[in-house]
Amino acid sequence: MHRTSASAVTAAAARAVSRRSLPRVAARVASMSSASPLLRSLAPRAVAAAHWSSSPVAALHTSAAKHAGGATPAPSADGIVPFLLADVGEGITECEITQWFVKEGDEVQQFDKICEVQSDKAAVEISSRFDGKITKLHYAVGDMAKVGAPLIDIKLEGSDAAAAAPAPAAAATAPAAATPAPAAAATPAAAATPSPVAAELDSDRVIFATPAVRRIARENSIDLRLVPATGKGDRILKEDVLRFLEGGKTAAAAAPAAAPVAAAAPKPAAAPAPAAPITVAAADEVRPLTAIQKAMFKSMTKSLTIPHFGYADELRLDALMDVRKAVNHQVKASGKGAYPFSKVSFMPFFIKSFSLALRHHPLLNAQLVGVDPALPAEQAVAGAKLVYRARHNISIAMDTPAGLIVPNIKDVQDKSVLDIAADLHRLQEAGKKGAIPAADLQGGTITLSNIGAIGGTYMGPVVVTSEVCIAALGKTARVPRFKDEDSLEVEPHHIMPVSFSADHRVVDGASVARFAQLWKQYIENPMNMLANLK
């Protein structure tokens, strides 16, 4: 009797797939299963399982599963596979589901958007890696999803169970979608009085809004599906939410005026009282930390283990202003569309010159590793090492609607000023939408904060544990200065204060001072900077 097993069929298929020899998979399986009707029935499933095990999708799920400490997921007998939440950022273990772009029963293809998640650092859109039908959503909007845990279940396209009836979970969503009234009644705009903001709840509407706008809506118990959008691309703006909220108050205030008219009619059974209008009380208010505040809490608490020291100086920007003016003239002359930005700010020059100075002072681009903060210094120093990093991934602290975000521009040492300007423009636009990619938030080597764009002179920036130095730029001001050291003649200059903080465990004051003075030379003498460009 032929004793070829089902596992042997699957193994044979897997070996053929792993060698990229898909045309011979079916023949190989057929030859092993010809003697047995049972194995013949298992052959298509074995090929599908073998193809899955060697696919890039399986590799993605393997990474997510390992992060969660679990096993690699594989299709079930009916071709359903869990789609895991992969690692979306360094040190991130959970994300908030801010919106779903799909629902149970939907058909998806590769690269279709599945959902948007908000991590400690940024909003990230999760896309499908394969074709199939969604059978289950594991989380609701507002839930916290764990990295490595299933987000959705997808029935793979082309499995031998494709002809089966739609999953019950898909049908279960129909009653909920058909009866949106209770959800609408929970919002201020659902008053009995007609109002332009009393819109019908659309359960299929895809919501486009920044995390800051979503936070305002959550704090006021507003369903964003009811809010009319006035922003570009059907995006809901902060003003839309506030206008909706004000409309709810107006409708609620009008309700008592209509009460005498309603009293003349036969009185029906008692109905629930309308929701009270939202008012701002004078009492203290307790709010949970936002995702970004939680990230700040954790990173700054770790930074308390670093002994800081500060250094400050001021830079004259007059010569650099002339160079910037000339560069922007060239950008304008290049025509519309030649660059993604309309003009170059000072920041690309600061960033590039920062990198040039780091070439001569690599210690400030290093990372201290192997230190256990729980151990006494005498023991912790035994494992301490410095990693001198070749890449200059300069982090830029940015003020966004969602809070402080610190993405970085990769490989500044290999980029021109215009390349840096393009990267900076991309990050700023993404920051406005709360959609900075996770890759841009990882791997920073040194930080440059432009807090002076808001105001202030000298600061006390805080070093994060993955770096040893940070600089903060103050507000540029036009002030009087002597023309030179030997002159009594006073003339106006554009002065920018700058403040440094460094990890005093491995960096001394002289190292920061030398670095700062070289950077200052590049800024105050731009031709010197241009002469050193490679």
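The values are calculated or read from the model by the stated rules, or taken from the named source; none is laboratory data. All values reported here derive from a predicted model rather than from experimental measurement. No Cβ is skipped: glycine too gets one built from the backbone with ideal geometry, and neighbour counts run over all protein chains shown. Just so you know, the surface numbers come from the protein's heavy atoms only, side chains and all, with ligands and any DNA or RNA stripped out. Shrake-Rupley method; radii C 1.70, N 1.55, O 1.52, S 1.80 Å.
Length available on full extension from Met527 to Lys232: 0.36 nm per residue minus the Cα-Cα distance, which gives 101.9 nm.
Pairs of Cα atoms nearer than 8 Å and 6+ residues apart set the relative contact order; for segment 423-534 it is 19 percent.
Between segment 384-409 and segment 350-382, how far is it from one alpha carbon centroid to the other, in angstrom? Computed from Cα coordinates, the inter-centre distance equals 14 Å.
Put simply, the amide H of Asp131, placed in the peptide plane, has neighbours under 5 Å in Gln110, Glu157, leaving out anything fewer than 5 places away on its chain. For segment 309-321, 3J(HN,Hα) computed residue by residue from phi via the Karplus equation (6.51, -1.76, 1.60; θ = phi - 60°) reads 9, x, 8, 9, 7, 9, 10, 8, 9, 4, 5, 5, 4 Hz, glycine and proline entered as x. In this structure, the amide hydrogen of Arg481, modeled 1.01 Å from its nitrogen in the peptide plane, lies closer than 5 angstrom to those of Glu491, His493, counting only residues at least 5 positions away or on a different chain. Distance between the 7 Å Cα→Cβ label points at Lys302 and Thr457: 3.5 nm. With a ≥ b ≥ c the root eigenvalues of the C-alpha gyration tensor of segment 393-534, is it rounded (a/c under 1.5), prolate (a/b larger than b/c) or oblate? Prolate, since a/c reaches 1.5 and a/b exceeds b/c.
Using a simple spin-label model with pseudo-atoms 7 Å out from Cα toward Cβ, Arg478 and Val506 lie 4.4 nm apart.
Put a dot 7 Å past the Cα of Arg316, heading toward its Cβ, do the same for Lys332, and the two dots end up 2.7 nm apart. Highest mean packing comes first when the peptides 417-423, 324-330, 496-502 are listed by Cβ atoms within 10 Å, giving 496-502, 417-423, 324-330.
Listed values for segment 448-460 are Karplus-derived 3J(HN,Hα) couplings in whole Hz (6.51 cos²θ - 1.76 cosθ + 1.60, θ = phi - 60°), namely 10, 9, 9, 5, x, 4, 8, x, x, 10, 9, 10, x, and x replaces Gly and Pro. Taking a ≥ b ≥ c as the square roots of the eigenvalues of the Cα gyration tensor, segment 352-453 is oblate, since a/c reaches 1.5 or more and a/b is not larger than b/c.
Take the Cβ-Cβ distance between Val387 and Ser221 as r, set R0 to 45 Å, and report the resulting FRET efficiency rounded to the nearest 0.05. Write down the numbers at each step before the final one.
Numbers: r = 48 Å, r/R0 = 1.07.
It comes to 0.40.
Student exercise: in segment 337-425, how many lysine pairs 8 or more apart or on different chains have Cα atoms under 19 Å apart? Taking segment 337-425 as the scope, the lysine pair count is 4. Could you name the lysines whose alpha carbon sits less than 21 Å from that of Lys238, not counting residues in the same chain fewer than 8 places away? Those lysines meeting the cut-off are Lys121, Lys249, Lys432, Lys433.
Given H placed 1.01 Å from N in the peptide plane, which residues other than close sequence neighbours of Ala123 have an amide H under 5 Å from its amide H? Residues meeting the amide H criterion: Ala435, Ile436. Accessible area of Leu315 (1.4 Å probe, protein heavy atoms only, ligands and nucleic acids ignored): about 0 Å².
What net charge do the residues around Ser355 carry, taking every other residue with its C-beta under 11 Å from that of Ser355, with Lys and Arg at +1 and Asp and Glu at -1? Provide the component values of the computation, followed by the final result.
Working: positive: Lys352, Arg359, Arg391, Lys415, Lys534; negative: Asp411, Asp414.
Computed value for this residue: +3.
Working ranking of peptides 483-494, 446-457 by packing, defined as the average number of other Cβ atoms within 10 Å per residue, highest first, is 446-457, 483-494.
Sequence-ordered 3J(HN,Hα) estimates for segment 104-109 from the Karplus curve with 6.51, -1.76 and 1.60 and θ = phi - 60° stand at 4, x, 6, 8, 10, 10 Hz, glycine and proline given as x.
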